[in-house]
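Okay, so here's the structure we're looking at.
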Amino acid sequence: MKTNFLVNIVLGLVLALSISAHTRAAEMDAESQASFDTVMSFMGAIGSGDMETAISLMDEDMVWLNEGDSAMPWIGPWNGKAEILKFLPIFGENFKTTAWENTDAFALGDTVAVFGKMNGVTTHSGKEIGDFLFALRAKVRDGKLVLWNWFEDSYAVSQAYHGK
């Protein structure tokens, strides 16, 4: 009986220390926080149409990478700020976001990861995609984005684009 009691106390202490360690681990250092803030600012600027802010956060050599069906005009990679600025209006003309929710986001050093769910309509077919998950891996150098690596349910997006 005393053994069970002691085991429970030890397990409780281990759990408490583990939770405490995770809390400390979740706190970001200055570089991670700055990278996180840059990515969130860029995401907000793009989402609200504030291109002046978005452009100011892009490195000249930034790479925007979307993989998927090459028939869709926004599939990259897009290398360099000038190419990305040509691509963004093409994307905007072909994809209308109807729902967006970031569910998780974190940073470690120069790398930021964002996960969420979204929905949209492809103007090529007028079809709604349906809810799908996305992930983003971004990299920041000297306060500027150098990588925007987008992952989505490219099959569902392609099906909607082609009217299926």
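Numbers at a glance
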| item | result |
| --- | --- |
| Long-range neighbours under 6 Å by Cβ, at least six apart or interchain, first residue under 18 Å from ASN102 (Cβ atoms) within the stretch 41-55, second assigned to a helix (DSSP H, G or I) and among the aromatic types (Phe, Trp, Tyr) | ALA54/PHE42 |
| Filter result for LYS96 (in a strand (DSSP E or B), among the charged types (D, E, K, R), over 30 Å from MET28 (Cα atoms) and at pLDDT below 95) | yes |
| Matching residues, the stretch 101-114, being surrounded by 15 or more Cβ atoms within 10 Å (Cβ to Cβ) and either over 19 Å from ASP29 (Cβ atoms) or in contact (Cβ under 8 Å) with a residue 40 or more places away in the chain (or both) | ALA105, ALA107, ASP110, THR111, VAL112, VAL114 |
| In the stretch 3-54, the residues that are assigned to a helix (DSSP H, G or I), modelled with pLDDT of 50 or more and either hydrophobic (A, V, I, L, M, F, W, C) or more than 27 Å from GLY109 (Cα to Cα) (or both) | ALA26, ALA30, ALA34, PHE36, VAL39, MET40, PHE42, MET43, ALA45, ILE46, MET51, ALA54 |
| Residues (touching a Lys or Arg at 6+ places or on another chain (Cβ under 8 Å), surrounded by 16 or more Cβ atoms within 10 Å (Cβ to Cβ) and assigned to a strand (DSSP E or B)) located in the stretch 128-164 | PHE132, PHE134, LEU145, VAL146, LEU147, ASN149 |
| Set LYS86, LYS117: member being of a type in the set (D, E, K, R), surrounded by fewer than 17 Cβ atoms within 10 Å (Cβ to Cβ), at pLDDT 95 or above and under 25 Å from TYR161 (Cβ atoms) | LYS117 |
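The values are calculated or read from the model by the stated rules, or taken from the named source; none is laboratory data. Bear in mind that the values here come from a model prediction, so they are computed numbers and not experimental data. Positions of Cβ are generated from backbone atoms using ideal geometry, with glycine treated the same way; all protein chains shown enter the neighbour counts.
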